[in-house]
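Undergrad: Handing you a structure now.
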Amino acid sequence: MIRICPSILNADRNNLASEIKRISDTSDLLHLDVMDNIFVPNKTFSLEESRKIISETSIPVDVHLMIADPDEQAHLYAKCGAASVTFHLEASKRPHETIAMIASEGSRVGIALKPDTPFELLAPIMSEIDMVLIMTVEPGFGGQSFMADMMSKVSQARAEIDRKYFGKIWLQVDGGISLETIAVASAAGADTFVAGSAVFKADNPGEMVELLRTAARSN
Ligand code: DX5
Ligand code: ZN
């Protein structure tokens with residue numbers, strides 16, 4: 001199963017509703033990048049803005065929190081109706097509690113790893129989560145180059161997910177995903193793909209989502 005999640009980080013912010021409409025028919029989830037200018041040097045959607053986007057979007061919303069205090073904030077995004085809430089392991093002091101708080105609101109739970117964070121650190125919480133997000137750029141900005149050297153981490157995660165969790169945990173990659181790189185990430189074992197610039201810089205974003213899906217299947 002391949003899932004394509006367009007990120008609206010670099011979509012036209014003044015026309016978000018119509019931008020989202022362009023990809024809704026072909027996309028699995030809408031990826032919403034929340035940044036606080038502390039965990040990463042960039043600020044994007046507030047909780048209120050996120051709530052509005054979630055309530056006005058017809059497809060499930062996949063919230064990616066790049067914030068310094070996920071232990072305090074993450075469950076609030078779940079409460080807003082996010083289908084999935086992902087927070088960074090590097091920012092959390094109480095991952096078990098934060099996972100439980102998100103799950104109790106009925107959202108799927110994801111944990112994200114920055115490029116320098118080893119996969120092994122997830123071992124104590126793997127059995128509690130629904131998705132692993134392996135960053136293929138340093139979080140903070142769209143339009144960066146795909147880090148192919150993250151593929152060994154993706155393969156390692158795939159092997160562990162299949163061996164111990166019967167393939168039930170989604171394996172997401174985020175950053176620099178394009179028609180070329182999606183096949184590489186898919187071959188390494190990713191099944192859930194975030195794509196920002198590749199989708200919204202295309203003349204037809206909805207069709208680009210389908211092309212990305214085909215490319216991911218072709219590995
Ligand atoms: C980066 C964000 C990404 C970003 C991806 O920190 O997490 O979701 O929007 O954008 P592209 O696909 O342009 O790298
Ligand atoms: Zn993201």
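Undergrad: Of (1) more than 16 Å from the chain's Cα centre (by Cα); (2) within 15 Å of ligand 1 (Cβ to nearest atom), VAL61 satisfies all except one. Which?
TA: (1)
Undergrad: Looking at segment 23-37, which of its residues are away from ligand 2 (no atom under 16 Å from the Cβ) and either among the acidic types (Asp, Glu) or closer than 19 Å to TYR77 by Cβ (or both)?
TA: In the first step, residues of segment 23-37 are kept if they are away from ligand 2 (no atom under 16 Å from the Cβ); the result is 24-26.
ASP25, the sole residue that qualifies.
Undergrad: Now for a different question. Looking at (1) part of a helix (DSSP H, G or I); (2) buried (at least 21 other Cβ atoms within 10 Å of the Cβ), can you tell me which one ALA100 breaks?
TA: Failed condition: (2).
Undergrad: A follow-up question, please. May I ask you to list the residues in segment 126-147 that are within 14 Å of ligand 1 (Cβ to nearest atom), touching a Ser or Thr at 6+ places or on another chain (Cβ under 8 Å) and open to solvent by 20 Å² or more (accessible area, probe 1.4 Å)?
TA: Scanning segment 126-147 gives GLY142, GLY143, PHE146, MET147.
Undergrad: Of all residues in segment 115-161, how many are within 15 Å of ligand 2 (Cβ to nearest atom), of a type in the set (A, V, I, L, M, F, W, C) and more than 18 Å from ALA185 (Cα to Cα)?
TA: Number satisfying all stated conditions: 1.
Undergrad: Name the residue, out of SER58, SER84, that is touching a Ser or Thr at 6+ places or on another chain (Cβ under 9 Å), open to solvent by 40 Å² or more (accessible area, probe 1.4 Å) and within 19 Å of GLY196 (Cα to Cα).
TA: It is SER58.
Undergrad: Same structure, new question: Restricting attention to segment 178-218, and to residues there that are buried (at least 22 other Cβ atoms within 10 Å of the Cβ) and of a type in the set (Val, Ile, Thr), which single residue is nearest to HIS64 (Cα to Cα)?
TA: For segment 178-218, the residue satisfying everything is VAL194.
Undergrad: Here's another thing I want to ask about it. Where the second residue is open to solvent by 10 Å² or more (accessible area, probe 1.4 Å) and the first is of a type in the set (Asp, Glu) and lies in segment 182-199, which pairs have Cβ atoms under 9 Å and are six or more apart or on separate chains?
TA: As it stands, the answer is ASP191/MET1; ASP191/ILE2; ASP191/ARG3; ASP191/ARG158; ASP191/GLY167; ASP191/TRP170, since those pairs meet every condition given.
The values are calculated or read from the model by the stated rules, or taken from the named source; none is laboratory data. In this text the structure is predicted, and so the values were computed from the model without any measurement. Here Cβ is always computed from backbone atoms with ideal geometry, including for glycine, and neighbour counts include all displayed protein chains. These area figures cover heavy atoms from the full protein model, side chains too; ligands, DNA and RNA do not enter into them. Shrake-Rupley method; radii C 1.70, N 1.55, O 1.52, S 1.80 Å.
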